[in-house]
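The values are calculated or read from the model by the stated rules, or taken from the named source; none is laboratory data. All of these numbers come straight from a predicted model, not from anything done at the bench. Don't worry about glycine lacking a Cβ; one is built from the backbone with ideal geometry, like all the others, and counts go over all protein chains shown.
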Amino acid sequence: MRIQRNNLYFCLFVCLFILLFSLCSTKHKHPETIDVIKEWIDKDILVPNNVSCCILGKDTTKYKCTCLLESKYKILLYVDSTGCSDCRLKLFLWKQLIEETDSLFSDKLSFLFFLQPKNDEDLFYLIRGNDFNYPVFIDRKNEINQLNNFPQQQEYQCFLLDKNNKVLFLGNPAINPNIWELYKRYILDKDKFE
């Protein structure tokens, strides 16, 4: 069992190295990447408990949202009000990942979308237009960012978390297939040894 666990850690180290390599093809291009990763790995993410949760723009039960927060693994995406929400969210890509997740992990992985909209109606129009029927947290006061002080760059505002909200990896799997493969491999390998 000890040898298998050591192999798992070695695989995780290799995967982290691949992630670092794919995030910064050269040190000169993204010198902050390694520093951001070092800062956020193993950090605890604090989640506000009074943020409203909705599906397709309609309030949902607290139970459904609470269940998301209690999953064994979570992917948390934070999107603030700056820039083009449609461009940053890429809901059609997230729908694909969620569908794939259902068959791979059953209830082990949930998605936490914390959105700070400029305008609720524009956001709800975007959600309904993409037929995105997964719960989203509407964080009008930007409380999650105030609690955690997320990095400014959007590529560092998505995290794979464990059950206790500790950061395992960071990177947006909807826009980077390598990160999605890393997240999947980590969860599948980790579950083999538990």
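If you scan the range 89-116, which residues turn out to be surrounded by 19 or more Cβ atoms within 10 Å (Cβ to Cβ), modelled with pLDDT under 90 and of a type outside the set (A, V, I, L, M, F, W, C)?
THR101, GLN116
From LYS29, LYS64, grab the single residue that is part of a loop (DSSP other than H, G, I, E, B), out of contact with any Ser or Thr (no Cβ under 7 Å at 6 or more places or on another chain) and either modelled with pLDDT under 60 or exposed (fewer than 14 other Cβ atoms within 10 Å of the Cβ) (or both).
Being part of a loop (DSSP other than H, G, I, E, B), out of contact with any Ser or Thr (no Cβ under 7 Å at 6 or more places or on another chain) and either modelled with pLDDT under 60 or exposed (fewer than 14 other Cβ atoms within 10 Å of the Cβ) (or both) holds for just one of LYS29, LYS64, which is LYS29.
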